[in-house]
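Notes to accompany the following structure.
The values are calculated or read from the model by the stated rules, or taken from the named source; none is laboratory data. Treat the numbers as computed from the prediction; the structure is a model and nothing was measured. Here the Cβ positions follow ideal geometry from the backbone for every residue, glycine too, while neighbour counts run over all protein chains shown.
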Amino acid sequence: MEYRFPKYKDASWNSYNRHMERYQTIKNLLGENAIGAEIGVYKGGFGEFLRQHCKQLYLVDPWHRLKPYWGAATPENSSVGAFNNILQVYADEIERGRVQVVAEFAVPFLLSLPDAHLDWVYLDASHLYEDTVAELRASLRVVRRGGYIIGDDYDPDPSSKQHGVFLAVNEIVKDNGFVLCVNTGRQWAFQVTR
Ligand SMILES: C[S@@+](CC[C@H](N)C(=O)[O-])C[C@H]1O[C@@H](n2cnc3c(N)ncnc32)[C@H](O)[C@@H]1O
């Protein structure tokens with residue numbers, strides 16, 4: 001696989017090795033020739049792993065529409081910089097219609113899709129409880145039956161900033177009678193079985 005971003009770690013969540021670890025735990029769910037969406041993209045490195053499985057991949061993040069930096073206000077954390085670089089790195093796939101880069105918030109993006117349009121969605125966006133519940137509810141309509149809702153930062157520690165993801169995923173899984181099929185290294189996933 002060609003990885004077109006720097007491989008060094010420039011944030012706790014952003015390095016080739018961390019992407020690879022996460023990818024290994026979910027790759028069996030991604031299929032082939034899929035229509036998928038990564039929601040919460042930032043610099044775009046994880047999309048390199050996801051795109052191998054896709055005939056169409058949506059990369060969705062508000063970037064500069066949310067805030068000018070993700071993390072500390074340093075040049076390498078610039079949202080405009082990340083957005084601009086993604087357009088350049090993915091230019092070929094964008095031109096061929098295989099990748100769509102969408103500067104939008106998760107819920108409006110999901111609401112814009114037809115029913116059962118996606119084979120899977122990978123959620124790595126705001127991580128707040130209320131936002132994640134809304135993202136999960138919107139995902140249930142747009143992921144086809146048999147597809148997967150997958151994500152990052154499933155943290156059982158109540159003091160964690162990402163604990164809202166844990167609460168929201170558990171609630172939606174329980175309310176709908178789904179079963180968590182991945183719970184490793186903070187990755188989580190369940191199959192949409194109805
Ligand atoms: C941890 S980063 C994503 C990392 C990326 N998935 C990766 O693996 O490299 C979180 C991203 O979520 C985005 N984000 C925050 N709130 C969002 C929302 N409501 N909808 C979509 N994306 C959001 C931020 O702009 C940020 O780029």
May I ask you to verify whether Trp63 is under 25 Å from Glu2 (Cα atoms) and under 18 Å from the mean Cα position of the chain (by Cα)?
yes
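For every residue, the table says whether it meets (1) surrounded by 21 or more Cβ atoms within 10 Å (Cβ to Cβ); (2) under 15 Å from His117 (Cα atoms).
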residue	(1), (2)
Asp10	no, no
Gly40	yes, no
Phe46	yes, no
Tyr58	yes, yes
His64	no, no
Trp70	no, no
Restricting attention to region 82-106, the residues that are within 11 Å of the ligand (Cβ to nearest atom) and touching a residue at least 60 places away in the same chain (Cβ under 8 Å) number exactly 1
Within region 16-46, how many residues turn out to be touching a helix residue (DSSP H, G or I) at 6+ places or on another chain (Cβ under 8 Å) and not charged (D, E, K, R)?
14
Examine region 85-98 for a residue that is at pLDDT 95 or above, of a type in the set (Gly, Ala, Ser), over 20 Å from Tyr8 (Cβ atoms) and touching a strand residue (DSSP E or B) at 6+ places or on another chain (Cβ under 8 Å), and state whether such a residue exists.
yes
Would you point out which residue out of Leu128, Leu167 is touching a residue at least 24 places away in the same chain (Cβ under 8 Å) and more than 12 Å from the ligand (Cβ to nearest atom)?
Leu167
Does Asp10 qualify as being out of contact with any helix residue (DSSP H, G or I) (no Cβ under 9 Å at 6 or more places or on another chain) and of a type outside the set (A, V, I, L, M, F, W, C)?
no
Qualifying position, being part of a helix (DSSP H, G or I), free of Cβ contacts under 8 Å to residues at least 60 places away in the same chain and among the aromatic types (Phe, Trp, Tyr), among Phe109, Phe49
Phe49
Being under 14 Å from the mean Cα position of the chain (by Cα) and touching a residue at least 40 places away in the same chain (Cβ under 8 Å), is that true of even one residue in region 68-81?
no
List, please: which pairs have Cβ atoms under 7 Å, are six or more places apart or on different chains, and start with a residue in region 150-163 that is touching a residue at least 60 places away in the same chain (Cβ under 8 Å) and end with one that is in a loop (DSSP other than H, G, I, E, B) and within 13 Å of the ligand (Cβ to nearest atom)?
Asp152/Asp124; Asp152/Arg186
